[in-house]
Amino acid sequence: MEKIPVLGLGTWKAAPGDVTEAVKVAIDVGYRHFDCAYLYHNESEVGAGIQCKINEGVVQREDLFIVSKLWCTCHEKSLVRAACSQTLKALKLDYLDLYLIHWPMGFKPGGKDLPLDRSGMVIPSDTDFLDTWEIECHPYLAQKNLINFCQSRDVSVTAYQPLGGSSEGVDLMDSPVIQAMAQKHQKSPAQILIRFQIQRNVIVIPKSVSPERILENIQVFDFELTEQDMNDLLSLDRSLRLTTFPTAANHKDYPFHAEY
(Lines give C-alpha, C1' and ligand atoms only; values in the text may rest on other atoms or scores of the structure.)
Protein backbone atom coordinates (compact mmCIF):
# COMPACT_ATOMS: atom_id res chain seq x y z
CA MET A 1 0.00 0.00 0.00
CA GLU A 2 1.29 3.45 -0.93
CA LYS A 3 2.31 5.68 1.94
CA ILE A 4 1.13 9.30 2.14
CA PRO A 5 3.97 11.79 2.72
CA VAL A 6 3.31 13.26 6.17
CA LEU A 7 3.72 16.85 4.94
CA GLY A 8 1.98 18.28 1.91
CA LEU A 9 1.24 21.64 0.29
CA GLY A 10 -2.33 22.87 0.66
CA THR A 11 -3.68 24.81 -2.34
CA TRP A 12 -6.99 26.13 -0.97
CA LYS A 13 -7.37 29.90 -1.49
CA ALA A 14 -4.15 29.90 -3.52
CA ALA A 15 -4.86 32.33 -6.37
CA PRO A 16 -4.46 30.76 -9.82
CA GLY A 17 -1.76 33.31 -10.71
CA ASP A 18 0.35 32.38 -7.66
CA VAL A 19 -0.16 28.68 -7.32
CA THR A 20 1.88 27.47 -10.34
CA GLU A 21 5.02 29.12 -8.93
CA ALA A 22 4.20 27.88 -5.43
CA VAL A 23 4.00 24.28 -6.69
CA LYS A 24 7.31 24.60 -8.57
CA VAL A 25 9.08 26.03 -5.50
CA ALA A 26 7.55 23.33 -3.30
CA ILE A 27 8.78 20.52 -5.55
CA ASP A 28 12.25 22.10 -5.70
CA VAL A 29 12.53 22.21 -1.89
CA GLY A 30 11.27 18.66 -1.40
CA TYR A 31 7.45 18.56 -1.19
CA ARG A 32 5.99 15.47 -2.82
CA HIS A 33 2.38 15.64 -1.54
CA PHE A 34 -0.09 18.16 -3.02
CA ASP A 35 -3.63 18.67 -1.74
CA CYS A 36 -6.01 19.87 -4.46
CA ALA A 37 -9.76 20.08 -5.08
CA TYR A 38 -12.17 20.87 -7.90
CA LEU A 39 -13.72 23.61 -5.70
CA TYR A 40 -10.44 25.54 -5.45
CA HIS A 41 -10.77 26.35 -9.19
CA ASN A 42 -6.99 26.35 -9.60
CA GLU A 43 -6.28 22.71 -10.55
CA SER A 44 -5.09 23.53 -14.06
CA GLU A 45 -2.51 25.94 -12.59
CA VAL A 46 -1.42 23.35 -10.02
CA GLY A 47 -1.11 20.88 -12.91
CA ALA A 48 1.04 23.33 -14.88
CA GLY A 49 3.50 23.54 -11.99
CA ILE A 50 3.64 19.75 -11.64
CA GLN A 51 4.11 19.24 -15.39
CA CYS A 52 6.88 21.82 -15.50
CA LYS A 53 8.90 19.94 -12.86
CA ILE A 54 8.24 16.54 -14.48
CA ASN A 55 9.39 17.93 -17.85
CA GLU A 56 12.51 19.38 -16.22
CA GLY A 57 13.29 15.93 -14.81
CA VAL A 58 13.20 17.16 -11.19
CA VAL A 59 10.57 14.53 -10.31
CA GLN A 60 8.67 11.69 -11.96
CA ARG A 61 4.91 11.30 -11.59
CA GLU A 62 5.36 8.25 -9.34
CA ASP A 63 7.44 10.35 -6.90
CA LEU A 64 4.38 12.52 -6.18
CA PHE A 65 1.29 11.97 -4.04
CA ILE A 66 -1.56 13.99 -5.55
CA VAL A 67 -4.88 14.34 -3.72
CA SER A 68 -8.09 15.84 -5.06
CA LYS A 69 -11.68 15.95 -3.89
CA LEU A 70 -15.11 15.18 -5.27
CA TRP A 71 -17.37 18.20 -4.86
CA CYS A 72 -20.75 17.90 -3.12
CA THR A 73 -22.85 18.38 -6.29
CA CYS A 74 -21.34 15.22 -7.82
CA HIS A 75 -22.10 12.62 -5.13
CA GLU A 76 -24.54 10.68 -7.31
CA LYS A 77 -22.80 7.57 -8.67
CA SER A 78 -23.47 8.54 -12.28
CA LEU A 79 -21.59 11.86 -11.82
CA VAL A 80 -18.45 10.69 -10.01
CA ARG A 81 -16.45 9.41 -12.99
CA ALA A 82 -16.98 12.60 -15.02
CA ALA A 83 -16.01 14.77 -12.04
CA CYS A 84 -12.83 12.77 -11.49
CA SER A 85 -11.99 12.90 -15.21
CA GLN A 86 -12.44 16.68 -15.18
CA THR A 87 -9.99 16.98 -12.27
CA LEU A 88 -7.45 14.69 -13.98
CA LYS A 89 -7.70 16.71 -17.18
CA ALA A 90 -7.18 19.98 -15.28
CA LEU A 91 -4.20 18.55 -13.39
CA LYS A 92 -2.84 16.98 -16.64
CA LEU A 93 -2.50 13.63 -14.87
CA ASP A 94 -3.46 10.04 -15.65
CA TYR A 95 -4.31 9.14 -12.06
CA LEU A 96 -4.73 10.50 -8.53
CA ASP A 97 -3.14 8.91 -5.48
CA LEU A 98 -6.14 9.76 -3.31
CA TYR A 99 -9.63 11.00 -4.20
CA LEU A 100 -11.63 12.25 -1.22
CA ILE A 101 -15.20 13.33 -0.65
CA HIS A 102 -14.75 17.07 -0.05
CA TRP A 103 -17.57 17.42 2.47
CA PRO A 104 -19.73 14.48 3.58
CA MET A 105 -22.92 16.15 2.30
CA GLY A 106 -24.52 15.80 -1.13
CA PHE A 107 -25.84 18.97 -2.83
CA LYS A 108 -28.30 19.29 -5.69
CA PRO A 109 -26.44 18.56 -8.97
CA GLY A 110 -26.29 21.25 -11.63
CA GLY A 111 -24.33 24.26 -12.78
CA LYS A 112 -23.85 25.87 -9.36
CA ASP A 113 -21.16 24.79 -6.89
CA LEU A 114 -23.35 26.01 -4.04
CA PRO A 115 -27.05 25.63 -4.95
CA LEU A 116 -29.01 27.74 -2.43
CA ASP A 117 -32.72 28.01 -1.73
CA ARG A 118 -34.53 31.32 -1.22
CA SER A 119 -33.53 31.51 2.43
CA GLY A 120 -29.85 31.16 1.52
CA MET A 121 -29.47 27.56 2.71
CA VAL A 122 -27.94 24.82 0.61
CA ILE A 123 -30.26 22.55 -1.44
CA PRO A 124 -29.31 18.94 -0.61
CA SER A 125 -29.29 15.89 -2.87
CA ASP A 126 -30.70 12.61 -1.55
CA THR A 127 -27.35 10.82 -1.59
CA ASP A 128 -25.63 9.19 1.39
CA PHE A 129 -21.93 8.95 2.06
CA LEU A 130 -19.71 6.11 3.25
CA ASP A 131 -16.29 7.62 2.80
CA THR A 132 -13.44 9.32 4.62
CA TRP A 133 -12.56 12.98 4.63
CA GLU A 134 -10.04 15.43 6.05
CA ILE A 135 -10.60 17.28 9.33
CA GLU A 136 -9.78 20.76 10.57
CA CYS A 137 -7.16 20.31 13.27
CA HIS A 138 -4.90 22.63 15.29
CA PRO A 139 -4.29 23.16 19.04
CA TYR A 140 -7.52 25.18 19.45
CA LEU A 141 -9.40 22.23 17.85
CA ALA A 142 -7.24 19.28 18.86
CA GLN A 143 -9.68 16.54 17.71
CA LYS A 144 -8.19 14.11 20.24
CA ASN A 145 -11.15 11.70 20.36
CA LEU A 146 -11.62 11.60 16.60
CA ILE A 147 -7.91 11.04 15.93
CA ASN A 148 -7.74 8.26 18.55
CA PHE A 149 -10.84 6.65 17.03
CA CYS A 150 -9.38 6.74 13.50
CA GLN A 151 -5.88 5.60 14.45
CA SER A 152 -7.25 2.68 16.49
CA ARG A 153 -8.84 1.50 13.23
CA ASP A 154 -5.83 2.20 10.97
CA VAL A 155 -7.53 5.17 9.31
CA SER A 156 -5.14 7.92 8.21
CA VAL A 157 -6.06 11.44 9.27
CA THR A 158 -5.07 14.62 7.42
CA ALA A 159 -5.19 17.96 9.25
CA TYR A 160 -6.30 20.95 7.22
CA GLN A 161 -5.95 24.51 8.54
CA PRO A 162 -3.11 23.25 10.80
CA LEU A 163 -1.88 26.80 11.39
CA GLY A 164 -5.29 27.81 12.70
CA GLY A 165 -6.16 31.30 11.61
CA SER A 166 -8.12 34.17 13.04
CA SER A 167 -11.64 33.96 14.43
CA GLU A 168 -13.38 36.23 16.91
CA GLY A 169 -10.10 38.12 17.17
CA VAL A 170 -8.29 34.94 18.23
CA ASP A 171 -5.16 34.13 16.24
CA LEU A 172 -3.51 30.84 17.11
CA MET A 173 -0.04 32.10 16.10
CA ASP A 174 -0.27 34.81 18.79
CA SER A 175 -0.70 32.29 21.60
CA PRO A 176 1.96 32.97 24.27
CA VAL A 177 2.39 29.19 24.72
CA ILE A 178 3.23 28.74 21.02
CA GLN A 179 5.37 31.88 20.89
CA ALA A 180 7.44 30.70 23.88
CA MET A 181 7.81 27.21 22.41
CA ALA A 182 8.97 28.66 19.09
CA GLN A 183 11.60 30.71 20.90
CA LYS A 184 12.76 27.71 22.93
CA HIS A 185 13.27 25.55 19.83
CA GLN A 186 14.53 28.45 17.65
CA LYS A 187 11.69 27.74 15.21
CA SER A 188 8.71 29.71 13.93
CA PRO A 189 5.21 29.30 15.42
CA ALA A 190 4.13 27.69 12.11
CA GLN A 191 6.93 25.10 12.37
CA ILE A 192 5.81 24.27 15.94
CA LEU A 193 2.21 23.77 14.75
CA ILE A 194 3.27 21.54 11.83
CA ARG A 195 5.59 19.47 14.02
CA PHE A 196 2.75 19.04 16.55
CA GLN A 197 0.67 17.18 13.95
CA ILE A 198 3.58 15.11 12.65
CA GLN A 199 4.31 13.84 16.16
CA ARG A 200 0.67 12.81 16.48
CA ASN A 201 1.07 10.72 13.29
CA VAL A 202 -1.32 13.09 11.55
CA ILE A 203 -0.70 14.13 7.93
CA VAL A 204 -0.50 17.90 7.63
CA ILE A 205 -1.10 20.20 4.64
CA PRO A 206 -0.18 23.82 5.41
CA LYS A 207 -1.09 26.18 2.55
CA SER A 208 1.28 28.88 1.36
CA VAL A 209 2.25 30.61 -1.88
CA SER A 210 5.25 32.40 -0.36
CA PRO A 211 8.56 30.71 -1.33
CA GLU A 212 10.04 31.55 2.08
CA ARG A 213 7.14 29.98 3.98
CA ILE A 214 6.94 26.96 1.68
CA LEU A 215 10.59 26.26 2.52
CA GLU A 216 10.13 27.04 6.22
CA ASN A 217 7.12 24.71 6.49
CA ILE A 218 9.12 21.68 5.35
CA GLN A 219 12.04 22.39 7.73
CA VAL A 220 10.36 20.51 10.57
CA PHE A 221 12.28 17.24 10.63
CA ASP A 222 15.38 18.47 12.49
CA PHE A 223 13.83 18.99 15.94
CA GLU A 224 11.40 17.31 18.29
CA LEU A 225 8.76 18.60 20.67
CA THR A 226 9.00 17.16 24.17
CA GLU A 227 6.15 15.30 25.83
CA GLN A 228 5.59 18.42 27.94
CA ASP A 229 5.44 20.56 24.77
CA MET A 230 2.86 18.22 23.26
CA ASN A 231 0.75 18.30 26.43
CA ASP A 232 0.98 22.10 26.59
CA LEU A 233 -0.26 22.33 23.00
CA LEU A 234 -3.09 19.86 23.63
CA SER A 235 -4.12 21.87 26.70
CA LEU A 236 -4.92 24.84 24.41
CA ASP A 237 -7.92 22.94 23.01
CA ARG A 238 -11.06 25.08 23.14
CA SER A 239 -13.14 23.33 20.44
CA LEU A 240 -12.76 26.43 18.26
CA ARG A 241 -13.80 25.43 14.74
CA LEU A 242 -12.83 28.03 12.12
CA THR A 243 -14.51 26.40 9.11
CA THR A 244 -18.18 25.72 9.84
CA PHE A 245 -20.06 25.97 6.50
CA PRO A 246 -23.17 27.66 8.00
CA THR A 247 -25.16 27.59 4.73
CA ALA A 248 -25.29 23.78 5.04
CA ALA A 249 -26.19 23.65 8.75
CA ASN A 250 -29.68 22.30 7.93
CA HIS A 251 -28.31 19.38 5.84
CA LYS A 252 -29.15 15.90 7.20
CA ASP A 253 -25.46 14.92 6.94
CA TYR A 254 -24.05 18.20 8.34
CA PRO A 255 -20.98 16.89 10.17
CA PHE A 256 -20.47 19.44 12.91
CA HIS A 257 -23.44 18.54 15.10
CA ALA A 258 -21.75 15.22 15.92
CA GLU A 259 -19.73 14.87 19.12
CA TYR A 260 -16.60 14.31 17.00
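The values are calculated or read from the model by the stated rules, or taken from the named source; none is laboratory data. Here the structure is a predicted model, which means the values were calculated and not measured. When we count neighbours, we look across all protein chains shown, and the Cβ atoms used for this are built from the backbone with ideal geometry, even at glycine. The protein model used for the area step is the full one, side chains on, heavy atoms only, and it has no ligands, DNA or RNA in it. Shrake-Rupley method; radii C 1.70, N 1.55, O 1.52, S 1.80 Å.
Numbers below:
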quantity: Top positive-direction residue, dipole computed over the range 1-155 with Cβ charges, set TRP71, TYR40, LEU116; calculated: LEU116
quantity: Whole-Å distance, taken between Cα centres, linking the range 1-72 and the range 233-260; calculated: 27 Å
quantity: TYR99, TYR40, reordered so the largest accessible area comes first (probe 1.4 Å); calculated: TYR99, TYR40
quantity: Value of relative contact order over the range 117-260, rounded to a whole percent, pairs C-alpha under 8 Å and six or more apart; calculated: 32 percent
quantity: Cα pair distances exceeding 24 angstrom across the chain, given as percent; calculated: 50 percent
quantity: Net charge dipole size for the chain [Lys, Arg +1 and Asp, Glu -1 on Cβ; Debye, nearest 20]; calculated: 400 debye
quantity: Of all DSSP beta bridges in the chain, antiparallel share, percent nearest 5; calculated: 25 percent
quantity: The range 89-131: translational diffusion in µm²/s, Stokes-Einstein, Kirkwood Rh over Cα pairs, 37 °C, 0.692 mPa s; calculated: 259 µm²/s
quantity: Accessible surface, 1.4 Å probe, highest first, among residues ARG200, ARG118; calculated: ARG118, ARG200
quantity: For the range 2-116: relative contact order, % (alpha-carbon pairs under 8 angstrom, 6 or more apart); calculated: 26 percent
quantity: Mean accessible surface per residue for the chain, computed with a 1.4 Å probe while every protein chain stays in place, in Å²; calculated: 50 Å²
quantity: Whole-number percent relative contact order across the chain, with pairs defined as alpha carbons under 8 Å at least 6 apart; calculated: 22 percent
quantity: Against the rule of thumb 2.2 N^0.38 Å, how large the Cα Rg of the range 1-77 comes out; calculated: 1.11
quantity: Kirkwood hydrodynamic radius of the range 164-246, from inverse mean 1/r over distinct Cα pairs, in Å; calculated: 13.7 Å
quantity: Which of SER125, GLY17, ILE203, positive extreme of dipole for the chain (C-beta unit charges); calculated: SER125
quantity: Links that overshoot a 31 Å alpha carbon limit, given the list LYS24/LYS108; LYS24/LYS69; LYS92/LYS252; LYS53/LYS144; LYS3/LYS112; LYS92/LYS112; calculated: LYS24/LYS108; LYS92/LYS252; LYS53/LYS144; LYS3/LYS112
